[in-house]
2 protein chains.
Amino acid sequence: MNEIKISPPLHEGKKTLAEQAYESIREAILTLHLEPGQDIYESELANMLNMSRTPIREAVRLLAMEDLIEILPQRGMKVTHISESKVEETRFVREVLEIGALRKVVEHWDEDKPVYQVLHRELQLNLETQWQAQAEEDFAAFLRADEVFHRQLLHASGNMTLISIVTKMRYHLNRVRMLTLNELKNTEELIREHGELLAAIQSGDTAAATDILTQHLRRLKVDIDAVKQQYPSYFSG
Amino acid sequence: MNEIKISPPLHEGKKTLAEQAYESIREAILTLHLEPGQDIYESELANMLNMSRTPIREAVRLLAMEDLIEILPQRGMKVTHISESKVEETRFVREVLEIGALRKVVEHWDEDKPVYQVLHRELQLNLETQWQAQAEEDFAAFLRADEVFHRQLLHASGNMTLISIVTKMRYHLNRVRMLTLNELKNTEELIREHGELLAAIQSGDTAAATDILTQHLRRLKVDIDAVKQQYPSYFSG
DNA sequence: GCTTCTTGACTTGCATGCAAGTATACAATA
DNA sequence: TATTGTATACTTGCATGCAAGTCAAGAAGC
């Protein structure tokens, strides 16, 4: 009478080589350790990661599908250049999806439900972290907190498919953001907007919330020209 | 003085085995020739497609990333079950993205520009095809025309990234739709909505256009319960 | 000098073989 | 009978070898 089901080992720790390769290479691309436009080769990556070409190939195919790597048949591969239009496309997709998720969250928001109380507290805590990072001029810490803030909000929508798409869109945006890492100039404004957003959600004002978030997400539009001039070889088109 | 650049052979015809495998397997899943929940094996697919396991593996990895296949380490793979929540998630993502694209199109719409005149004519032509298909009760033909209608509209937004995501969301929706293939009941309504949508776009009425499309896309919500009862083994959760 | 051809040093594409993990049937045991 | 152990017939994970495509440099021909 096996009434008690033992949950499987959940072998989270055991990652295949292909999975490791995928994550390592993706991370290298996002942190610009593999530079946009750089030529890369299966055997080279295989050596670096101490494995054979087979798992590398699998990883690289996935990255190609995410437009992070370009495959040149029989010739090699290269890290995709940052494309201004691709960045704008992904920014738009992210905006639309994140607004959609937000609208859903606000519509379902109920101050009395513990779930939302917890979420509200977490977001407020996160906000404090953001202010602190700003005070200490720790831009990396701010970026992390910012990411968590948006992720928590998305998570509340309960739509995992949407979340995973937004995450992938972020890849392309983050490469640009990486290049502006030292520019702290408008973090204060960003954090203030996070606060206003939270207030709007709490008060159930859908229109205000979506307006704020739209505005917020469009800030990314500005800097790209400056960055392009500073690192022309990273860009295409 | 090679001023004229000869465009590369554009070896569109030359597809790698891995690409062929990807397309074949995906098509088999979407047409339900590979049934939801069915066990599949690398060697089996390799035999069916007359190639070795290597290109199959690459194809399968991509399909797994699109949630069309589930990989069970060291045990095999299976076609993912149709999940009610996954369908709703993808439906929502599609709705949000398609509305976003539509809004953009309407805002840029300009009756005097040839591009939009052409588009308008094409959409109207497509509409006639839809009516004809409906009259002949050729549901497959209607589905094709419907797909083209929406694709043309999306295409006008110019956002390729968005289009490719919507396409992938459609995969999951189409499997359900496939099961309701014989149900012609509300095509007439759907086509009428297409017409209304086109009129709203032409007259530049963003609010009306988005309302109609929202309504239109939400029709998919209805039938799923009936289908689930008819084909319980295809569903999970 | 300017083409055209040949060669060779690369690359990826794919087939194959072996190692290792997993489920199942069945014998051994309490 | 119910439980445990074990052999075995699967599966995928990965390394490796070879075929074939691509590019670039230099030889050959004009």
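Each reported figure results from applying straightforward, stated rules to the coordinates on display, with no laboratory input. Since the structure is predicted, the reported quantities are computational estimates derived from the model, not experimental observations. Here Cβ is always computed from backbone atoms with ideal geometry, including for glycine, and neighbour counts include all displayed protein chains.
Over all pairs of different C-alpha atoms, region B:123-226 has a mean inverse distance whose reciprocal, the Kirkwood radius, equals 14.5 Å. Label-point spacing at A:Met160 relative to the other copies reads 3.1 nm, in ascending order, each point sitting 7 Å out from Cα along Cα→Cβ. Farthest towards the positive end of the charge dipole of region A:83-236, among the residues A:Trp109, A:Leu217, A:Val166, is the Cα of A:Val166, using unit charges on the Cβ of Lys, Arg, Asp and Glu.
With the convex hull drawn over the C-alpha atoms of chain B, the volume per residue is 169 Å³. Label-point distances for A:Ala208 to the equivalent site in the other copies, using a point 7 angstrom along Cα→C-beta, read 3.3 nm when ranked shortest first. Dipole orientation for the protein assembly as shown: of the candidates B:Gly100, B:His155, A:Ile69, A:Ile69 has the Cα lying most toward the positive pole (charges on Cβ; Lys, Arg +1; Asp, Glu -1). Its Cα gyration tensor gives region B:17-80 an equivalent ellipsoid; the semi-axes, largest first and in whole Å, are 15, 13, 11. Among residues other than B:Ile212 with Cβ under 14 Å from its Cβ, the summed charge is -3 (Lys and Arg +1, Asp and Glu -1). Mean separation of Cα pairs under 8 Å and 6 or more residues apart, divided by the residue count, gives chain A a relative contact order of 25 percent. For region B:73-196, averaging the sequence separation of C-alpha pairs within contact (under 8 Å, six or more residues apart) and dividing by the residue count gives a relative contact order of 39 percent. Each Cα pair under 8 Å and six or more residues apart adds its separation to the average, and for region A:147-237 the resulting relative contact order is 21 percent.
Calculated from DSSP H runs of 4 or more alone, at -39500 (n - 2.57) each and per residue, what is the 222 nm mean residue ellipticity of chain A, nearest 500? Helix-only estimate at 222 nm: -21500 deg cm²/dmol. In this rough spin-label picture, where each label sits 7 Å from Cα along the Cβ direction, the B:Glu111-B:Arg219 distance is 2.8 nm.
Remark: region A:17-80 carries a charge dipole of roughly 200 debye about the Cα centre, counting +1 on each Lys and Arg Cβ and -1 on each Asp and Glu Cβ. Straight-distance candidates among the lysines for linking to A:Lys113, with alpha-carbon spacing under 28 Å and chain neighbours fewer than 8 residues away dropped: A:Lys104, B:Lys86, B:Lys221. Summarising the amide proton neighbourhood of B:Ile69: residues at separation of 5 or more, or on other chains, whose placed amide H is nearer than 5 Å comprise B:Ala64, B:Thr80. The share of Cα pairs per 10 Å bin across the protein assembly as shown, counted from zero up to the longest distance, runs 3, 16, 25, 28, 20, 7, 1, 0, 0 percent.
About its Cα centre, the dipole of region B:85-151 is roughly 280 debye, where the only charges are +1 on Lys and Arg Cβ and -1 on Asp and Glu Cβ. In this structure, A:Met65 and B:Asn174 have a Cβ-Cβ separation that, at R0 = 22 Å, corresponds to a calculated FRET efficiency of about 0.65. The simple Förster model, with R0 at 45 Å and r as the Cβ-Cβ distance, assigns A:Glu23 and B:Glu137 a FRET efficiency of 0.30. Just to confirm the number: angle between the C-alpha axis of helix A:160-179 and the first principal axis of chain A, 0 to 90 degrees, nearest 10? Between the helix axis and the principal axis of chain A, the angle is about 70 degrees. Between B:Ile40 and B:Met77, B:Lys78, B:Val79, the built amide H atoms are under 5 Å apart, and every one of these is 5 or more places off in sequence or on another chain.
Placing +1 on the Cβ of each Lys and Arg and -1 on the Cβ of each Asp and Glu in chain A, which of A:Gln134, A:Thr90, A:Ile25 has its Cα farthest towards the positive end of the resulting dipole? Of the listed residues, the answer is A:Ile25.
Note on region B:65-159: Rg/Rh from C-alpha atoms, Kirkwood Rh, equals 1.13. Per-residue Karplus couplings for region B:98-110, computed as 6.51 cos²θ - 1.76 cosθ + 1.60 with θ equal to phi - 60°, are listed in order as 5, 5, x, 5, 4, 4, 4, 4, 4, 5, 8, 4, 8 Hz, Gly and Pro entered as x. Taken about its Cα centre, chain B carries a charge dipole of roughly 800 debye when the Cβ of each Lys and Arg holds +1 and the Cβ of each Asp and Glu holds -1.
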